[in-house]
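Enquirer: Provided herewith is a single structure, encoded as structure tokens, for subsequent inquiry.
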Amino acid sequence: MSHGKAGCSDSGAEDGANRMFVRRGCGMGSPSRQWSEFYRTAEGVEKPMIIVLKPNHEEEDLHKIVRRLEDLGLRAHISKGEQRTIVGAIGDERVLRDVPMESFPGVESVLPILKPYKLVSREFKRENTIIQVNGIQIGGSHIHVFAGPCAVESREVLEEIAEAVAPAGVHFLRGGAFKPRTSPYSFQGWGEKGLKFLAGVRERTGLLVVTELMDPRDTVLVCKYADVIQIGTRNMANFRLLTEVGNIDKPVILKRGMCATVTEFLMSAEYILAQGNDKVILCERGIRTFENETRNTLDLSAVPLLKQLTHLPVIVDPSHAVGRADLVPAMAKASIAAGADGLLIEVHVRPEEALSDGPQSLRPQVFYKMMDECRLIAEAVGRTL
Ligand code: PEP
Ligand code: MN
């Protein structure tokens, strides 16, 4: 690990972990000294521990913990989220072995930093996280499908699509009102007008709304209409945006960055949980490889791997992974076989007229067949869909 990377945003996962704890360091020494100390610990000379405080802890509890750590010759780095405060105990962790930090008032848990991500890890929470959205559970035994167009195009087309997907057992309508497009000349989405179309269709059909948030400045606006917020692949490492959605009380579908490792992906989820929002759904949506017959390469091994490493629900978006409607059903079935908790599928009533991602959008009839086949796979792995 390079010592010179302190200010970079694309550094390795451990850099990310360390930044989290020095971000709101408690004022010991100069910032550069804190950095270098932390890098030294990350290189294995010392092993930091984290002390996670209960959401309702008293300020005095925190002071007592910091004082105790300092008495033991450790340094305390405090990370204060909206709802959760974490104290990094830096130094020779052996001194903590005989100190029951768990018994201190206000302490929820004490964890050795074995992985750079903490709150998202299975080590932190063994049981699966089940996320409730309007009485619907994501991450339980029922597999949910988030279906709809890439972009919200018009009220009429959105309604047609919603009415087409609803009978297939779908509870969530997806559709972008703010679209991250590679070209500034491509359709960028209708913004608030699109959000209103989504809310109108929810009113008529009862389908819950999943839509993308691209800019922290639009958080209040998008939250006003969305039931689930989507953070797209291009924004997986937009740490300001992650911090922003960490402070809201809505489920977030976090898509894996197209060039992100699994660890980096989990570090991004950690940003959201560190602020107090633990309703995060991870979405594997394909990564960039040398292969160019498909839009991306679906990293299906990431599904069982993520299920091992984290307690968060994991869904798969085969549409953006392959970029071709003819390959989507096979990869959707494979995703369920691999253990996915849900699917995100682009569906359009007339893909040839779609304003974005037409080639990967399923026609309703193909979608129905896919759903029927996925149900059989779900049953084979002891789940429902
Ligand atoms: C989308 O879901 O339409 C989208 C833009 O996805 P991604 O961020 O995975 O490219
Ligand atoms: Mn799309």
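The values are calculated or read from the model by the stated rules, or taken from the named source; none is laboratory data. As the structure is a computational prediction, the values presented were derived from the model and not from experiment. We place every Cβ from the backbone using ideal geometry, glycine too, and count neighbours over all the protein chains shown. SASA here: full protein model, heavy atoms, side chains in, ligands and nucleic acids out. Shrake-Rupley method; radii C 1.70, N 1.55, O 1.52, S 1.80 Å.
Enquirer: Taking only Cα atoms and a 10 Å spring cutoff, compute GNM fluctuations for the chain and point out the largest among Val52, Val328, Val95.
Expert: Its mean-square fluctuation being the largest, the pick is Val95.
Enquirer: Here's a follow-up. So with the 1.4 Å probe, I'd like the accessible area per residue for the stretch 305-348, rounded to whole Å². Please list the in-between numbers first.
Expert: On the way: 940 Å² over 44 residues.
Normalised by residue count, the accessible surface of the stretch 305-348 is 21 Å².
Enquirer: Per residue, how many Å² of accessible area does the stretch 98-158 show with a 1.4 Å probe? Each step should come with its number before you reach the end.
Expert: Values: 2670 Å² over 61 residues.
Value returned for the stretch 98-158: 44 Å² of accessible area per residue.
Enquirer: If you count the DSSP beta bridges with both ends in the stretch 207-343, what percent of them are antiparallel, to the nearest 5? Display every interim value, and only then the final one.
Expert: Values: 1 of 16 bridges.
The antiparallel proportion sits near 5 percent.
Enquirer: Using a 1.4 Å probe on the protein chains only, how many percent of the accessible area of the stretch 266-385 belongs to carbon and sulfur?
Expert: Values: 2450 of 4360 Å².
Accessible surface attributable to carbon and sulfur in the stretch 266-385 totals 56 percent.
Enquirer: For the stretch 162-212, which whole percent of the accessible surface, found with a 1.4 angstrom probe, sits on carbon and sulfur atoms?
Expert: Of the solvent-accessible surface of the stretch 162-212, carbon and sulfur hold 53 percent.
Enquirer: Based on the Cβ-Cβ distance from Gln137 to Ala380, what FRET efficiency comes out when R0 is 22 Å, to the nearest 0.05? Spell out each step's value before the answer.
Expert: On the way: r = 21 Å, r/R0 = 0.96.
It comes out at approximately 0.55.
Enquirer: Length gain on complete extension for the stretch Lys369 to Arg240, per 0.36 nm per residue less the alpha carbon to alpha carbon distance? Numbers along the way, then the final one.
Expert: Details: separation 129, 0.36 × 129 = 46.44 nm, distance 4.06 nm.
Taking 0.36 nm per residue and subtracting the Cα distance, the gain is 42.4 nm.
Enquirer: What length, rounded to one decimal in nm, is gained on full extension from Arg324 through to Val95, with 0.36 nm per residue of separation minus their alpha-carbon distance?
Expert: Working: separation 229, 0.36 × 229 = 82.44 nm, distance 5.66 nm.
Value of the extension gain: 76.8 nm.
Enquirer: Continuing with the same structure: Tell me what the chain gives for mean residue ellipticity at 222 nm when only DSSP H runs of n ≥ 4 count, each as -39,500 (n - 2.57), the sum divided by the residue total, rounded to 500 deg cm²/dmol. Numbers along the way, then the final one.
Expert: Numbers: 12 runs with 128 residues, N = 385.
About -10000 deg cm²/dmol.
Enquirer: Okay, next question. Only bridges with both residues in the chain count here: give the DSSP antiparallel percent, nearest 5. Can you show the working numbers first?
Expert: Numbers: 21 of 49 bridges.
If I count the DSSP bridges inside the chain, around 45 percent turn out antiparallel.
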